[in-house]
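Report on one structure; see the data block that follows.
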Amino acid sequence: MDKVGFDNAYESIDINAKTIIDGLERVVMHDADLNSDNLNSEMDIAALPFSQACENNKQPILEVLQTELQGCNHVLEIGSGTGQHSVYFAPHLSHLKWQTSDVISNHRHIMAWHHAYPAPNLYSPLAFDLAHDSVPVSSHLDSGHLNSSYVDKPYDVIFTANTLHIISWALVERLFALASDALPVDGKLIVYGPFNEDGKYTSEGNQRFDAMLIAGNPDSGIRDKEDIVSLANAHHLQLLKTYAMPSNNQLLVFRKR
C-alpha cells in the first residue's frame, strides 16, 4: 500500500480481519468461497481473505521475532485474524511450534490460509474469546510425554498483533492477566501495534486512525504505552525492549518475572 494521505493510518488498521469493527474488516473473500469444497490445491490464492497491511508488516515483524524467539519452543498467537502472519512466520521459525487462536468466526479464514500454505510446525486455530475463555491449550500436546510444568504452562511466548487498540481496556487488562498466568518465568509476551508516547500521538496518521476507531467503538482506541507498561508491571511482566516499526507502529517485548 502506498503511504499517502490516510494510508499511514490504514497501515495501523492491520487488524487481521477481526470482526470487532465491521467497517474496518479487511476481508475480500466471501464466506461462500471458504467452504470445504473450495479448499483444495487449485484454490485461487487471490481469493483468500486478505489484509494488505498484514502483508506490509510481516517481514519487519519477522526480523524481530527471529531475534527474540531464539531458544523459544512454543508460541501462542492471540487474534490470528486472516492467518496471514501465521503462515509467514511459522516456516521461517521452524525451530518452534506456532499455535494460532481466535474467535470461532475467524477460524474459516485462518484455515483457508493454512490449507494454501501448510507448514509442519503450524497448528490449526484454537477457539479463544478473550471476553470469556481461559488461555486455550494445544490439542497436539501429549501430556503423557511431557513434564507437569510444561503441561501447566505449555507456551513460552504469547504473540498478538494489532489487538490492544481494537478491544476495550477491560479486555486489554484481561489479556495481560491471562498472559501472565499462562507464561512461565522468563516467558515472553510480544505485542505489535500503534501506541501513544507520553499521552501524545506519534503521528498525524495515528491521530486520524484513533478517531476512526473511537467513532466505530468508543471503547477502542490507541493505548498510551505508559499505561500498557504499568499494566504489565502489575502482572509481573517487565518491558525488555521496544522496537520502532514501519508506519509509526511499535513492537513491545515483555518478559515474565
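Quick notes on this structure:
- Local electrostatic count at residue 90 - Lys and Arg +1, Asp and Glu -1, tallied over other residues with Cβ under 10 Å: 0
- Principal axis analysis of the Cα atoms in the range 48-194 yields extents of 41, 35, 29 Å, listed in decreasing size.
- Over the range 73-141, the fraction of Cα-Cα pairs per 10 Å bin, rounded to whole percents and listed from the shortest bin up, is 24, 57, 19, 1.
- Relative contact order, percent, the range 148-235 [alpha-carbon distance under 8 Å, six or more residues apart]: 36
- For the range 114-257, alpha-carbon Rg relative to the globular expectation (2.2 N^0.38 Å, N residues): 1.15
- Per-residue Karplus couplings for the range 163-169, computed as 6.51 cos²θ - 1.76 cosθ + 1.60 with θ equal to phi - 60°, are listed in order as 10, 5, 7, 8, 8, 6, 4 Hz, Gly and Pro entered as x.
- Residues residue 105 and residue 200, FRET efficiency given R0 of 35 Å [Cβ-Cβ distance, rounded to 0.05]: 0.50
- For the peptides 210-221, 158-169, the ranking by mean Cβ contacts within 10 Å, running from highest to lowest, is 158-169, 210-221.
- In terms of distances greater than 22 angstrom between alpha carbons, the cross-link table entries 58/241; 153/188; 58/200; 58/97; 153/256; 58/153 yield 58/200; 58/153.
- Summed side-chain charge close to residue 238 - residues other than residue 238 whose Cβ falls under 11 Å, Lys, Arg +1, Asp, Glu -1: +4
- Peptide ranges 230-237, 123-130 listed from the most packed, as the mean C-beta count within 10 angstrom indicates: 123-130, 230-237
Values quoted throughout were computed directly from the atomic coordinates according to the rules given, and no laboratory measurement underlies them. What you see is a predicted model, and the numbers here were worked out from it, not measured in a lab. A quick note on method: Cβ atoms are made from the backbone with ideal geometry, for glycine too, and the neighbour counts reach across all protein chains shown.
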